[in-house]
Structures are given as structure tokens and as C-alpha cells.
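The values are calculated or read from the model by the stated rules, or taken from the named source; none is laboratory data. Given the structure is predicted, the values throughout are model-derived calculations rather than measurements. Quick reminder, even Gly has a Cβ in these numbers, built from the backbone with ideal geometry, and neighbours come from all protein chains shown.
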Amino acid sequence: MASEKTVGPQGCTNFKLRQLTRRVSQHCEPFFAETGLKTTQYSLLSHIDQLGPLAPGQLARRMDLDASTLTRNLQPLLAAGLVELLPGGDARSRLVQATPAGRTKRAAMKADWKRAQLAVNASLGEERVQRLHALLDECLALLREEKGAG
């Protein structure tokens with residue numbers, strides 16, 4: 001009788017996750033095409049609207065982004081007048097918040113976001129999406145703990 005070998009993960013986890021995020025983005029972007037924003041910009045605007053006003057560093061931590069990525073992603077939203085930087089508690093600090101135009105844009109795009117989510121759920125199956133979300137949340141928590149312990 002042949003012994004069964006346990007096969008570990010195959011391939012690069014980072015590459016596979018990036019493939020998945022690209023595919024999901026390609027699947028969702030058509031729902032946002034007429035809005036002028038990408039799904040990532042909608043997500044950032046939503047976080048700012050829900051959490052703001054808050055310091056960019058706090059926002060970056062809440063979204064698991066590094067500061068330079070957040071700064072780069074904020075630029076188009078600032079240029080479009082959808083978010084603004086306000087003075088913070090001292091001369092060196094700033095707060096970011098959604099403008100009235102940003103809140104209006106987010107509210108108008110919420111139906112587009114919902115249609116995109118439902119389309120992904122239909123393609124992948126709701127049970128699989130629920131399992132994926134649970135697994136991703138678990139992995140994020142583990143990596144946050146590891147980073148905090150280092």
C-alpha cells in the first residue's frame with residue numbers, strides 16, 4: 001500500500017492573492033465605469049466618510065495601508081473635491097474628511113457597489129464568498145498580531 005504524502009501549499013501566496021484581487025476588480029469595475037471612480041477609490045471614500053474626520057495615519061492603519069499608498073490614493077479624491085484635508089490638533093497634523101460632494105458621490109455610488117457585490121456573489125457563490133471573507137479576516141488578524149509582536 002502506497003503511503004499518502006501530504007502536499008503543502010503550491011505556488012506563491014502573494015501572486016495568487018494578487019491574481020484574485022485583479023480578477024475581482026475586473027469583475028467589479030464595469031459597475032463603476034460611469035461614476036468616474038475606481039472601486040478602490042470608492043472604498044477609500046467610504047472609509048473616510050464613515051470614519052472621518054481622522055488623521056491620515058489613523059486611516060492608513062484602519063485600512064491596512066502604508067502611508068505612501070494612502071497619500072497616493074488620496075490625491076485623485078482631493079483633486080476631485082471629494083475629500084479635504086483640515087488642520088489637525090497642532091501645526092504639523094492634518095485631518096481628512098469627506099466633503100459634501102464626496103458624501104453625495106458615495107451615496108450615489110452605493111447602488112453600484114451593491115450590484116458589483118451581488119455579481120461577485122453570483123459568480124463565486126454566496127457560501128464560498130462567506131467562507132472567503134472569514135478566511136481573509138482570520139489571516140488579516142494573524143498577520144496584524146505577528147506585525148504587532150515584531
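Residues are listed down the side, and each one gets a yes or a no for (1) free of Cβ contacts under 8 Å to residues at least 40 places away in the same chain; (2) under 30 Å from Cys139 (Cβ atoms):
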position: Asp49; (1), (2): no, yes
position: Gly89; (1), (2): yes, no
position: Ala98; (1), (2): no, yes
position: Lys110; (1), (2): yes, yes
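When the stretch 1-44 is filtered for residues that are farther than 12 Å from Ala116 by Cβ and of a type in the set (Asp, Glu), the ones remaining, listed by number, are Glu4, Glu34.
Here Leu142 fits the description: aliphatic (A, V, I, L, M), surrounded by fewer than 12 Cβ atoms within 10 Å (Cβ to Cβ) and in a helix (DSSP H, G or I). Flag set for Leu82, criterion: buried (at least 17 other Cβ atoms within 10 Å of the Cβ) and of a type outside the set (Lys, Arg). Within the stretch 1-23, being under 23 Å from Leu135 (Cβ atoms), of a type outside the set (A, V, I, L, M, F, W, C) and assigned to a loop (DSSP other than H, G, I, E, B) holds for Thr6, Gly8, Pro9, Gln10, Gly11.
Looking across Gly102, Gly81, one residue alone is modelled with pLDDT of 95 or more and in a loop (DSSP other than H, G, I, E, B). It is Gly81. When Leu118 is tested against (1) loosely packed, with under 14 Cβ neighbours inside 10 Å; (2) under 15 Å from Ile48 (Cα atoms); (3) at pLDDT 95 or above; (4) not small (Gly, Ala, Ser), just one condition goes unmet, and that condition is (2).
The residues of the stretch 24-78 that are touching a Leu at 6+ places or on another chain (Cβ under 9 Å), loosely packed, with under 15 Cβ neighbours inside 10 Å and either small (Gly, Ala, Ser) or part of a loop (DSSP other than H, G, I, E, B) (or both), listed by number, are Gly57, Asp64.
Answer yes or no: is there a residue in the stretch 118-126 that is hydrophobic (A, V, I, L, M, F, W, C), within 21 Å of Ser43 (Cα to Cα) and touching a strand residue (DSSP E or B) at 6+ places or on another chain (Cβ under 7 Å). Looking through the stretch 118-126, none of the residues is hydrophobic (A, V, I, L, M, F, W, C), within 21 Å of Ser43 (Cα to Cα) and touching a strand residue (DSSP E or B) at 6+ places or on another chain (Cβ under 7 Å).
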